[in-house]
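All remarks here apply to the structure that follows.
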Amino acid sequence: MVRRPVAWVVAVLLFAEAVGVAALNWLLSVFVDRQQMSLAGLDAGLMAVSAKVGGVVFGLYFALCGLVALLVAVRDRRPAGLGRVLLVSAAVVHGLLGAFCWGPVGWTAFLFMVLVLGLIVLLLTSYDVPEEPRDRVSSPSAPTTP
C-alpha cells in the first residue's frame, strides 16, 4: 500500500518546514533588529524578539507534527488521540497558509502548501480503511463437527 511511504514523505516535509519556518522568522527578526524597523510605532526590539519566539514556537509545532507522522510511518498504525488532532490541525494550517500565500508569495508556494495538505489528508484517510490481511487463508464454507 501507499500508507507508509506517504507517512515518511509527510514526516520529512514537516521536519523541513519546521526548520524553514524557524530559520525564516529568525532571519526576519535579524533584519528588523538591525535596521530598527518600526510598524505603527511598535518597538523594533520587541518585534524582533516576538518574531524569534513565533518562529521557534511555529517550528516546534511543525516538528511535533512531523514526529507524529514519523511514528505513524515506523509503527504503520493510524494516529490516535493528540497525534490525530495535531495532524488535522496541520492540515488546516496548510490550507490557510495556502490560501494566504497565493497573492503575496505566488502560485508555487500555494501549490506546495496544497501538496502538503493533500499528503496529510491522504495520510489521515488511508489509515481509516482497514487493510486486508496479506496471507489470506481460505476457510471452509461449513465447519465440520465430529
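The values are calculated or read from the model by the stated rules, or taken from the named source; none is laboratory data. For clarity, every value in this text was computed on a predicted model and none was experimentally measured. Cβ sites come from the backbone with ideal geometry, for glycine too, and all protein chains shown count toward neighbours.
Going through Gly45, Gly41 one at a time, which residue ends up being over 30 Å from Arg4 (Cα atoms) and in a helix (DSSP H, G or I)?
Working: Gly41 fails: in a helix (DSSP H, G or I).
Answer to the selection: Gly45.
One line per residue, one yes/no per condition, for (1) at pLDDT 90 or above; (2) of a type in the set (Asp, Glu):
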site	(1), (2)
Cys65	yes, no
Asp76	no, yes
Ala80	no, no
Ala90	yes, no
Gly118	yes, no
Val121	yes, no
Arg136	no, no
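Which of the residues spanning the stretch 27-53 are crowded, with 16+ Cβ neighbours inside 10 Å and either touching a residue at least 24 places away in the same chain (Cβ under 8 Å) or out of contact with any Asp or Glu (no Cβ under 9 Å at 6 or more places or on another chain) (or both)? Leu28, Ser29, Val32, Asp33, Ala51, Lys52, listed by residue number. Within the stretch 15-53, being of a type outside the set (A, V, I, L, M, F, W, C), within 30 Å of Ala69 (Cβ to Cβ) and more than 17 Å from the chain's Cα centre (by Cα) holds for Asn25, Ser29, Ser50, Lys52.
Filtered by the rule that a residue be assigned to a helix (DSSP H, G or I), farther than 23 Å from Val2 by Cβ and not aromatic (Phe, Trp, Tyr), the stretch 93-111 gives Val93, Leu96, Leu97, Ala99, Cys101, Thr108, Ala109. Among residues of the stretch 85-107 that are farther than 24 Å from Tyr127 by Cα, those with a beta-carbon under 6 Å from a residue that is surrounded by fewer than 19 Cβ atoms within 10 Å (Cβ to Cβ) and β-branched (Val, Ile, Thr) at least six positions away or on a different chain give the pairs Gly98/Val114.
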